[in-house]
Amino acid sequence: MKRAWISPLLLVLCGSVVATGLILRGNLGAAVPLLFVFVPLAVVNSPLLFPRSIGALEAQSRSAVDGRPVVFWRPGCPYCLRLRIRLGRSAHRLHWVNIWRDPAGAAVVRAANDGDETVPTVVVAGRPHTNPDPAWVREQLSSA
């Protein structure tokens, strides 16, 4: 759980330190926009943007019942973020597994990617697809 928040906290901390330095030098006009860059970056890299993660075993059993894809992801991954944003509201219909929180999910990803933890890995009908096109994932979701 803590590991997922390291990157966002570092972004907020670094932005705050730099903004404080600018304010101490009397440059408030540059400090405020800087914070408006670092805070959204922290939110984007946090687990807040993604739907609630579940365990790999639960996701796989739910997927077997409802036919929806399972997405294995991790916070801070730009490709996971791209997939999440491009899926829009339909992202909440997928089963999301954070591999940093779930060792079984990390094992599934390593098995699908020759030992690498390459995410996003989307499992559709038992077949893994590494970093698929978001439009293809949307199609798979609509056919489920």
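The values are calculated or read from the model by the stated rules, or taken from the named source; none is laboratory data. Computed from a prediction, not measured in an experiment: that's the story for all the values here. Note that we place each Cβ from the backbone using ideal geometry, even for glycine, and neighbour counts take in every protein chain shown.
For the range 23-32, a residue qualifies if it is over 32 Å from the mean Cα position of the chain (by Cα) and either under 23 Å from Val43 (Cβ atoms) or not in a loop (DSSP other than H, G, I, E, B) (or both), and the qualifying residues are Ile23, Leu24, Leu28, Gly29. Scanning the range 33-82 for residues that are of a type in the set (Phe, Trp, Tyr) and more than 18 Å from Val109 (Cβ to Cβ) turns up Phe36, Phe38. Checking each residue in the range 73-95 for being surrounded by 14 or more Cβ atoms within 10 Å (Cβ to Cβ) and over 9 Å from the mean Cα position of the chain (by Cα) picks out Arg86, Leu87, Ala91, Arg93, Leu94, His95.
Suppose we filter Pro75, Pro132 for residues that are in a loop (DSSP other than H, G, I, E, B) and under 19 Å from Arg3 (Cα atoms); which single one remains? Walk me through how you get there before you give the answer.
On the way: Pro132 fails: under 19 Å from Arg3 (Cα atoms).
On inspection, the qualifying residue turns out to be Pro75.
Annotation: Glu139 fulfils all but one of (1) in a helix (DSSP H, G or I); (2) at pLDDT below 95; (3) buried (at least 21 other Cβ atoms within 10 Å of the Cβ); the unmet one is (3). Evaluated against (1) exposed (fewer than 14 other Cβ atoms within 10 Å of the Cβ); (2) free of Cβ contacts under 8 Å to residues at least 24 places away in the same chain; (3) closer than 26 Å to Leu9 by Cα, Gly126 falls short on exactly one condition, (3).
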